[in-house]
Amino acid sequence: MAIENVNVKVKINGKERCAKVEPRTLLTHYIRDDLGLTGTHIGCDTSQCGACSVMVDGEVVKSCTVLAVQADGSEITTVEGLGDVNNLHPIQQGFWEKHGLQCGYCTPGVMMAMVGLLKQNPDPSDEEIREGLEGVICRCTGYQFIVEAVKHAAQIMRESEVQLVGEER
Amino acid sequence: MIPSKFDYVRVNSIDEAIQQLKQFNGEGMLIAGGHSLVPLLKFRLSEPGALIDISRISELKGVRKEGDRIVIGALTTHFQIANDPIVKEYIPVLSETVRQIGDLQVRNRGTIGGNIAHADPAADLPAAAFVLDAEIAIHGEDGPETMNIDSFIVGPLITMLPENSVLTSISFAIPPAHTNAEYLKFSHPASGYPVIGVAVVAGVGENDVIDYIRIAITGVGNVAYRATSVEEKLLGQTLSQTLLKEAAQLAAEEGDMASDLFTSEDYRRNLCKVYTERALKSVFYSN
Ligand SMILES: Cc1cc2nc3c(=O)[nH]c(=O)nc-3n(C[C@H](O)[C@H](O)[C@H](O)COP(=O)(O)OP(=O)(O)OC[C@H]3O[C@@H](n4cnc5c(N)ncnc54)[C@H](O)[C@@H]3O)c2cc1C
Ligand code: FES
Ligand code: FES
């Protein structure tokens, strides 16, 4: 019996998208190769580094550890959905102003993980931010600045009551 | 890394899942959160002919109190359990345990049923399951049945889950009101999995006599185990620091200590004693 490809339909960064893929396709490959959104990175491919983190139905997950078919019908936000140069999301503003990145490779995943953290805890302590960073690895090891960036972002969001992504369902 | 080819079906009920398992005749595997299975698929350590996705079966989700037990649906995620008000009120040690699993992203995806069914020797949950006398509810071809955790997990990645069946929920005993509980973990710094995890539920009655004690240890060998010789040493005795120290010395007795590239057998044996003593002290002396 031949294995049939499956239609995977998602709403990604507000747009309906669809692609026919093999059931074994990883969500991260679906997003990058089939939908052409290469902001989501692959760092380790073994569930450790978190560079591939995206929001699925409002929860941050490692997209290299989820099958695309499992995400069929869901709402996804990737780093491209946060904001652009003229209209930065508070987390991007935080990273910009507090120098939260060096080479930038881990940054999309770290930002998505931190959006996920702030959704669960809008006013995290330094320790809670560091705990939240457990699932991401920054090879440039700029963690101190990342913590500063997240605190800054949290403050902006609390003050302006900006809607977090992945809220609307 | 790309898994081998497999078929995929999504099911919406337990009966449908069992039917599909039968249909694929030993070639089909259930997938819930996928956070133990997908890594195995990617390494091609597991090459099923088909994945049967149970993750959207709503009757397998959620937490409820039933008499003196807390029943948790197999698909309830680690994050949901960590933050569930019923779990926090009646069995806070479980919430404390799942809060220490992996990381934020893993806890959002991984499920309690998948964790127990996978029976990873380094998983956190089995320790809590032992001290809270967990009963595993299973639905198979012949209907529902239950098994106690101590007969369910029999080896590394080996359980007594019958063919063509689904783990539907896990129920935990609410410990007596006068007891305290603790889960202490020494994590592997890279993977986050426990090198050792010790769970304790214990209490003292009149005249400081220890009248309730359950201790379980995970991560050190092939399977999690109840440290019964520690329990026997403590039960009915008058609480003292010396007694706890002596009892903790027995902690490594029941388990087969693994020796691998992380740690030697001797080091694990020592961790057992140190972490058991710390967990006991915390339970008996913290408040
Ligand atoms: C980076 C990383 C770090 C982790 N760290 C830890 C840690 O520190 N501690 C820890 O305990 N765990 C850890 N885990 C494992 C995690 O907790 C998994 O989520 C869990 O072990 C499996 O749950 P799942 O829902 O993802 O199961 P899946 O991966 O979907 O399934 C696992 C196995 O169980 C079977 N199965 C699943 N659900 C059922 C069911 N209802 N009935 C019958 N069979 C079923 C599947 O067929 C499969 O064989 C980690 C995982 C990752 C990726
Ligand atoms: S690429 Fe997914 S966790 Fe590293
Ligand atoms: S900024 Fe270089 S890996 Fe994090």
Practice item. Report the residue count in region A:91-114 for those that are farther than 16 Å from residue A:37 by Cβ and buried (at least 24 other Cβ atoms within 10 Å of the Cβ). Key: 8
Review point. If residue A:57 passes every condition in (1) within 13 Å of ligand 1 (Cβ to nearest atom); (2) in contact with a strand residue (DSSP E or B) (Cβ under 9 Å, 6 or more places away or on another chain); (3) open to solvent by 10 Å² or more (accessible area, probe 1.4 Å) but one, which one does it miss?
Key: (1)
Point to revise | Filter result (open to solvent by less than 40 Å² (accessible area, probe 1.4 Å) and either within 16 Å of ligand 2 (Cβ to nearest atom) or out of contact with any helix residue (DSSP H, G or I) (no Cβ under 9 Å at 6 or more places or on another chain) (or both)) within region A:121-155 | key: A:132, A:133, A:135, A:136, A:138, A:140, A:142
Review point. Quick check, is residue B:9 of a type in the set (A, V, I, L, M) and more than 13 Å from chain A (Cβ to nearest Cβ)?
Key: no
Review point. How many residues does region A:3-54 hold that are in a strand (DSSP E or B), away from chain B (no Cβ under 12 Å) and touching a helix residue (DSSP H, G or I) at 6+ places or on another chain (Cβ under 8 Å)?
Key: 3
Exercise for review: Please verify whether region A:56-65 includes one or more residues that are more than 13 Å from the chain's Cα centre (by Cα), within 14 Å of ligand 2 (Cβ to nearest atom) and not in a loop (DSSP other than H, G, I, E, B).
Suggested key: yes
Practice item. Report, by residue number, each residue of region A:9-52 that is in contact with a His (Cβ under 9 Å, 6 or more places away or on another chain), open to solvent by less than 10 Å² (accessible area, probe 1.4 Å) and of a type in the set (S, T, N, Q). Key: A:28
Exercise for review: Run residue B:244 past the list (1) out of contact with any strand residue (DSSP E or B) (no Cβ under 9 Å at 6 or more places or on another chain); (2) open to solvent by 30 Å² or more (accessible area, probe 1.4 Å); (3) modelled with pLDDT of 95 or more and report the number of the one that doesn't hold.
Suggested key: (2)
Study note, to complete from the structure: Flagged pairs (Cβ under 8 angstrom, 6 or more apart or on separate chains; first in region B:38-49, more than 11 Å from every other protein chain (Cβ to nearest Cβ); second in a helix (DSSP H, G or I) and buried (at least 20 other Cβ atoms within 10 Å of the Cβ)) are B:46/B:37
Study note, to complete from the structure: Within region B:165-178, the residues that are in contact (Cβ under 8 Å) with a residue 60 or more places away in the chain and either touching a Gly at 6+ places or on another chain (Cβ under 6 Å) or farther than 20 Å from residue B:26 by Cα (or both) are B:165, B:167, B:169, B:170, B:171, B:172, B:173, B:174, B:175
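Restricting the search to region A:63-93, which residues are among the charged types (D, E, K, R), within 14 Å of chain B (Cβ to nearest Cβ) and farther than 18 Å from residue B:54 by Cβ?
none
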Exercise for review: Just need a number here: residues in region B:51-91 that are surrounded by 20 or more Cβ atoms within 10 Å (Cβ to Cβ), over 16 Å from residue B:115 (Cα atoms) and within 11 Å of another protein chain (Cβ to nearest Cβ).
Suggested key: 1
**Study point:** Residue count, region B:173-187 (criterion: assigned to a loop (DSSP other than H, G, I, E, B) and open to solvent by 50 Å² or more (accessible area, probe 1.4 Å))
**Key:** 2
Review point. Hey, does region B:22-35 have a residue that's at pLDDT 95 or above, part of a helix (DSSP H, G or I) and within 14 Å of another protein chain (Cβ to nearest Cβ)?
Key: yes
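The values are calculated or read from the model by the stated rules, or taken from the named source; none is laboratory data. Predicted model only: the values in this text are computed from it and were never measured. Using ideal geometry, Cβ is built from the backbone for each residue, glycine included, and neighbour counts are taken over all protein chains shown. Ligands, DNA and RNA are stripped out before the accessible areas are found, and what is left, the full protein with its side chains, is counted by its heavy atoms. Shrake-Rupley method; radii C 1.70, N 1.55, O 1.52, S 1.80 Å.
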